[in-house]
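Okay, so here's the structure we're looking at.
Every read-out reported here was derived from the displayed coordinates using simple, explicitly stated rules and does not represent laboratory data. Just so it is clear, the structure is predicted and the values come from calculations on it, not from any experiment. Cβ: placed from backbone, ideal geometry, glycine included. Neighbour counts: every protein chain shown.
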């Protein structure tokens with residue numbers, strides 16, 4: 001599975017650096033082409049020569065020690081990496097990556113690369129639990145970086161707790177899982193909606209909702225990384241759109257409906273993560289409304305229902321796998337199951353947006369996934385990227401079973 005995969009292995013300065021030798025050896029034995037970058041402090045714990053012998057390649061330690069005059073080393077490594085693995089990863093490298101610092105060979109290469117990143121932290125238990133470190137990890141996770149959780153036990157510093165580097169076998173398995181996952185949606189055409197629609201009152205005022213688009217964009221990025229051809233119909237968003245996907249802008253519910261329906265027949269999977277306004281003003285004023293005069297002491301807006309996009313998609317479904325979202329504040333299961341049945345979805349992802357860690361604007365979510373039989377998966381607070389990956393893995397499995405004729 002790893003034959004020919006080009007992996008950049010970054011090793012930073014902690015006592016667990018000695019385990020990186022075993023990791024490098026196992027990746028090489030599995031067929032990977034491993035290029036090692038060591039920080040200056042890592043080289044104080046384990047000799048670069050050890051990694052050179054195990055990887056069969058020269059080890060990079062200095063940004064300015066160019067080994068091949070035909071290329072700029074950190075750019076060449078960044079461009080050709082299929083995956084970057086950092087193990088062990090210290091609190092220092094986590095902070096550098098979180099804030100875009102590039103002051104050594106490893107951080108410079110990572111910043112220049114568009115390859116996926118897998119990080120295996122290792123540090124003192126109190127460092128690992130420090131709010132700054134946890135915040136940096138959450139920020140990195142929100143950008144799609146994956147982590148191999150450290151183990152618990154007796155640490156080199158004498159403390160007992162979480163912070164021990166995962167075993168090399170666990171990290172290799174995480175690498176294998178990464179490449180496995182990249183084929184889950186290969187060849188599939190995925191249509192996703194994201195953000196909150198805008199219903200204009202006049203040129204400067206509108207009705208909308210709290211949706212940030214973060215969940216929809218996380219699903220789009222994860223689907224892209226699983227090999228799908230992804231189109232996102234995006235309304236108002238407050239997050240950076242993922243690269244490598246088609247972004248179609250649609251301001252209102254009517255705009256979104258038109259954009260989705262024009263692409264629906266070609267889609268294999270549709271995930272409707274957008275929060276579409278239920279109502280819009282009957283009259284959209286062409287000029288800004290003024291508040292001068294006695295007649296403007298109060299303003300009454302007459303509203304009408306917008307199109308129910310998800311219901312229309314359910315009614316017109318012809319083989320597409322249809323997934324909706326139910327953002328609720330109470331009776332989550334009852335409302336989610338009702339929505340799934342009425343709108344003929346294959347799955348509904350329910351979340352209580354009033355719960356801490358599950359709101360619109362945050363980088364985390366807490367969800368339960370339902371099919372017609374009830375809850376099929378329930379995940380604790382995770383980064384929205386992790387939720388997206390778990391959700392798409394579940395969807396891919398079910399799509400595969402349906403294609404194979406399984407119930």
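From the P(r) of the range 11-57, can you give the percent of Cα pairs sitting at distances over 13 Å?
Numbers: 512 of 1081 pairs.
Distances greater than 13 Å cover 47 percent of the Cα pairs.
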*For the range 109-158 and the range 341-374, what is the separation of their Cα centres, given in Å?*
28
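What are the semi-axes of the equivalent ellipsoid for the range 171-222, taken as the square roots of 5 times the Cα gyration tensor eigenvalues, largest first, in whole Å?
Working: eigenvalues 283, 32, 5 Å².
Equivalent ellipsoid semi-axes, largest first: 38, 13, 5 Å.
By DSSP, what percent of the beta bridges with both residues in the chain are antiparallel, rounded to the nearest 5?
Details: 21 of 63 bridges.
Of those bridges, close to 35 percent are antiparallel.
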*For the range 310-402, what is Rg from Cα atoms divided by 2.2 N^0.38 Å, rounded to two decimals?*
1.05
*Can you give the Kirkwood hydrodynamic radius for the range 129-210, in Å, rounded to one decimal and based on Cα pairs?*
17.5
*Kindly provide the pair-distance distribution of the range 244-291 built from C-alpha pairs, with 5 Å bins from 0 and whole-percent values in order of increasing distance.*
4, 14, 22, 23, 14, 9, 7, 5, 2, 1
*Where in the range 166-197 does the amide nitrogen come within less than 11 Å of the point 7 Å from the Cα of residue 149, taken along Cα to Cβ?*
none
*Return the distance in nm (one decimal) between the two label points of a simple spin-label model at residue 173 and residue 342, each offset 7 Å from Cα along Cα→Cβ.*
4.4
*How much FRET efficiency would the formula 1/(1 + (r/R0)^6) give for residue 279 and residue 333, where r is the Cβ-Cβ distance and R0 is 41 Å, rounded to 0.05?*
0.95
*Label selected from (i) 22.1; (ii) 23.4; (iii) 22.8, the criterion being Kirkwood radius over Cα pairs in Å as computed here*: (ii)
*Can you sort 35, 342 by how many other beta carbons sit within 10 Å, fewest first?*
342, 35
*Subtract the Cα-Cα distance of residue 157 and residue 102 from 0.36 nm times their separation in residues, and report this length gain in nm to one decimal.*
17.0 nm
_C-alpha long axis of helix 168-181 to longest principal axis of the chain, angle in °_ = 40
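Given a Förster distance of 22 Å, report the FRET efficiency between residue 111 and residue 65 from their Cβ-Cβ distance, rounded to the nearest 0.05.
On the way: r = 18 Å, r/R0 = 0.84.
That pair, residue 111 with residue 65, gives E of 0.75.
Show me 348-356, 61-69 ranked by packing, highest mean number of other Cβ atoms within 10 Å first. Could you put the intermediate results ahead of the total?
Numbers: 348-356: 18.8, 61-69: 12.0.
Packing proxy ranking, top to bottom: 348-356, 61-69.
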_If each residue of separation counts as 0.36 nm, what is the full-extension length gain between residue 30 and residue 53 once their alpha-carbon separation is subtracted?_
6.7 nm
*How high is the FRET efficiency from residue 301 to residue 210, r the C-beta distance, R0 25 Å, rounded to 0.05?*
0.80
*Would you mind ranking 390, 373, 205 so that the residue whose beta carbon has the fewest other beta carbons within 10 Å leads the list?*
373, 205, 390
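From largest to smallest, what semi-axes in whole angstrom does the range 189-403 give when each is the square root of 5 times an eigenvalue of its alpha carbon gyration tensor?
On the way: eigenvalues 193, 69, 58 Å².
Rounded to whole Å, the semi-axes are 31, 19, 17.
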*Per q in 0.15, 0.16, 0.20 1/Å, what log10 I(q)/I(0) does a Debye calculation on the alpha-carbon atoms of the range 106-257 return?*
-0.92, -0.98, -1.21
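Where both partners of a DSSP beta bridge lie in the range 320-399, what percent of those bridges are antiparallel, to the nearest 5? Walk me through the numbers on the way to the answer.
On the way: 10 of 16 bridges.
Restricted to the range 320-399, the bridges split so that about 60 percent are antiparallel.
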_Cα radius of gyration and Dmax for the range 264-371 (Å)_ = 18.3, 57
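What ranking do 219, 7, 283, 15 get, fewest neighbouring Cβ atoms within 10 angstrom at the top? Working shown, then result.
Numbers: 219 30, 7 24, 283 11, 15 16.
The fewest-first ordering by Cβ neighbours comes to 283, 15, 7, 219.
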